[in-house]
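Notes follow once the structure below has been shown.
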Amino acid sequence: MIKAIIFDFFDVFRTDAYKAWLKTNDIPHEGSYLAASHEQDMGTITTAEFLQRLSQLSGRDITREELDAGAKVDLQVVEIAKALKKRYRTALLSNAPSAFIRELLAEHKLTRHFDEIIISSEVGMVKPSAEIFEHTLAKLGVTASEAIFIDDNEHHVQAAKKLGIQGIQFVSASQLQESLAELGVK
């Protein structure tokens, strides 16, 4: 029986502005660009240091405003989360810098839709590590078989499935509703 729903944040609730920026600038998310985002997600560098690193790598000044250009919250996903919280324990599990995501959650009044918020830079673990999923399950007080994990990243979904968590690769709000219904979640 499903008791908990675990959501990713970027490219589920809100556009992943960094991925969009990389795509716009025809930069692959690998090498130094991947390392910089990983360090930020682990909390070993600040957002300011991350922007400084991107500026050095790209050879021009990169601002947060440039990275966030065009990013938006998917209000349909917010409504789904709001409805699910009435019947299930809910969690947000995101690879992100703490201050940045906490600011976004507050700005869009999203914190109230989650019983637990697990941010990689706050716990020193990142998806797809088994440890961060186990930490999330423990915070929710559920077993793997009692949870569903939703993420746009197929690799992260597969990692959750290996632990016995049911997974949904997010594509759109309507697809999410259909996939949840297929798993018996209303």
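Read the figures in this text as sums done on the coordinates, not as results from a lab. Owing to the predicted nature of the structure, the values given are computational and were not obtained by experimental measurement. FYI the Cβ positions are ideal-geometry reconstructions off the backbone, even for glycines, and counts take in every protein chain you see.
In the distance distribution for segment 17-68, Cα-Cα pairs more than 17 Å apart total 24 percent. Using a/c under 1.5 as the rounded threshold, could you call the chain rounded, prolate or oblate? The axes a ≥ b ≥ c are square roots of the C-alpha gyration tensor eigenvalues, and prolate needs a/b larger than b/c, oblate otherwise. Since a/c reaches 1.5 and a/b is larger than b/c, the shape of the chain is classed as prolate. Remark: relative contact order (the chain) = 29 percent; criterion is Cα-Cα distance under 8 angstrom and separation of 6 or more residues.
Highest average first, the peptides 71-77, 129-135, 56-62 ordered by how many other beta carbon atoms sit within 10 Å of their residues are 129-135, 71-77, 56-62. Derived scalar couplings between HN and Hα for segment 83-91 equal 5, 5, 4, 5, 10, 9, 6, 10, 9 Hz in order, rounded to whole Hz, by the Karplus curve 6.51 cos²θ - 1.76 cosθ + 1.60 (θ = phi - 60°), x for Gly and Pro.
Charge tally around A99: other residues with Cβ under 13 Å, Lys/Arg +1 each, Asp/Glu -1 each, net -3. Of all DSSP bridge pairs formed entirely within segment 1-157, close to 5 percent run antiparallel. Apply the a/c threshold of 1.5 to the C-alpha gyration tensor of segment 115-169 and tell me whether it is rounded, prolate or oblate. It comes out oblate by the Cα gyration axes. State whether segment 58-151 is rounded, prolate or oblate according to the following rule on the C-alpha gyration tensor (a ≥ b ≥ c being the square roots of its eigenvalues): a/c under 1.5 gives rounded; otherwise a/b larger than b/c gives prolate, and the remaining case gives oblate. In terms of gyration-tensor shape, oblate. Between the alpha-carbon centres of segment 28-81 and segment 146-186 there is a gap of 25 Å.
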